[in-house]
Amino acid sequence: MTKTIVITGATGVLGNLVAKTFAELGHNIALLDRNQIKLDSLTRDLNLPSERLYTQTIDLLNGPAVHDSAEAVLSKFGRVSALIHLVGGWTGGKTIPESSVGDFESMLNQHVWTTFHLLQAFAPHLAASQHGRVIVVSKPETVKPSAKTALYTAAKSAQESLVLTLAEEYKDSGLTANVIHVKSIDTKDAGKGTTPAEIVSAMTYLFSDEASKVNGARIPLYG
């Protein structure tokens, strides 16, 4: 059965591969991103018929806009099956006293507030599909923080808490919510870190029926 995959931050290397993989599996794709030029480029690469693709440039910090986007995706495809949230960056390299309020706000915006708005808007639709999946990528520093990573680690820890709490709140609906942990993403095939292909493989498994019992987990995907 064709399902609908919502992907945020799909214009990066990992996001591109996620979108292409799920499109090749025959699913509908909804892309939410703030960079119109990169979004247009990915749209051309996917080369999907219009009835299988929804794209939107959006500020995920705008809660009402995210809610409207969820309604638009539902209206076009009739259901929402998965949310793969890949938006976020890294700020670090400073001790807590050296860190700025602005940098901390940036980390909270990228990781926490975007996730909060997306889960508020999409979770009811994901639950209604009876096969809902929420997947985010994070780092094991949320379990054991490293020095000079406080801002990033605090924001990612809060993001994980939102996702794992959602897993508990909707566990009787068929919705699962999980976190994939990587130490680094090897986008240049340098033999270090976790490759995008390995991450996408884990995502396709989590999306499958066979993974219906995997819920509220931090999945280590690193050596």
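The values are calculated or read from the model by the stated rules, or taken from the named source; none is laboratory data. Here the structure is a predicted model, which means the values were calculated and not measured. We place every Cβ from the backbone using ideal geometry, glycine too, and count neighbours over all the protein chains shown.
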Legend entry - Pairs, first at negative phi and buried (at least 16 other Cβ atoms within 10 Å of the Cβ) in region 34-46, second of a type outside the set (S, T, N, Q) and modelled with pLDDT of 95 or more, C-beta under 6 Å, six or more apart: LEU39/ASP33; LEU46/ALA23
Inset, instruction - Take ALA123 and decide whether it is aliphatic (A, V, I, L, M) and part of a loop (DSSP other than H, G, I, E, B). - result: no
Inset, instruction - Within region 17-33, track down each residue that is within 14 Å of the chain's Cα centre (by Cα) and surrounded by fewer than 19 Cβ atoms within 10 Å (Cβ to Cβ). - result: LEU17
Legend entry - Condition met for THR149 (hydroxyl-bearing (Ser, Thr, Tyr) and modelled with pLDDT under 95): no
Inset, instruction - Could you grab me the full set of residues in region 201-223 that are within 20 Å of LYS139 (Cβ to Cβ) and either in contact with a His (Cβ under 9 Å, 6 or more places away or on another chain) or surrounded by 20 or more Cβ atoms within 10 Å (Cβ to Cβ) (or both)? - result: MET203, LEU206, ARG218, ILE219, PRO220, LEU221, TYR222
